[in-house]
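First comes the structure, then the notes that go with it.
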Amino acid sequence: MTTLTMSPTLGDLLKYELNTSYSRETVTLKSGTNYALGSVLGKITASGKYRLSPAAQVGGDEGAETAVAVLIHAVDATAADKTGLVVARGPAIVSKAALVFDASVDQPAEKAGKHTQLATVGVVPRDTA
């Protein structure tokens, strides 16, 4: 019997959003990464581009260490900058289990810090079914 594996969907990530016209934004994603649905993003101060939010400041990408948005569809930006749709402000609730972090965010305390940063902009990560 064939086993089918389903990729995560927007419904797995986004559990509540009051007003899509208010909470969503189209942003420019920095090249060099294949961004997954649920990527936790920070905004680079100098360029205004978004990238996976690292655990600590990265030279040349200052500002991105603060999580400010969650990507709501996968975007392959490995070859060039691409646009992506994000939830940038709330009220919104996202599933903690569906969030995708930068490789440097690998400790529970670092993930909890990113959750707190997202909650600051109204995008609240929760343990959900």
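What follows draws every value from the coordinates through simple rules; no lab data is involved. Keep in mind that what you see is a predicted model, and the values were worked out from it rather than measured. Please note: Cβ atoms are built from the backbone with ideal geometry, for glycine as well, and neighbour counts cover all protein chains shown.
Kindly list, by first and then second residue, each pair from a residue in the range 88-107 that is surrounded by fewer than 21 Cβ atoms within 10 Å (Cβ to Cβ) to a residue that is in a helix (DSSP H, G or I) and of a type in the set (Gly, Ala, Ser), limited to pairs with Cβ atoms under 6 Å and residues at least 6 apart or on different chains.
Short answer, once both residue conditions are applied: 89/23.
Please indicate, with yes or no, whether at least one residue in the range 12-27 is surrounded by 13 or more Cβ atoms within 10 Å (Cβ to Cβ), more than 17 Å from residue 126 (Cα to Cα) and aliphatic (A, V, I, L, M).
Yes - at least one qualifying residue is present in the range 12-27.
Given the structure, is residue 58 closer than 12 Å to residue 102 by Cβ and in a strand (DSSP E or B)?
no
Looking at the structure I just gave you, is residue 121 surrounded by 14 or more Cβ atoms within 10 Å (Cβ to Cβ), of a type in the set (Val, Ile, Thr) and under 15 Å from residue 35 (Cα atoms)?
In short, no.
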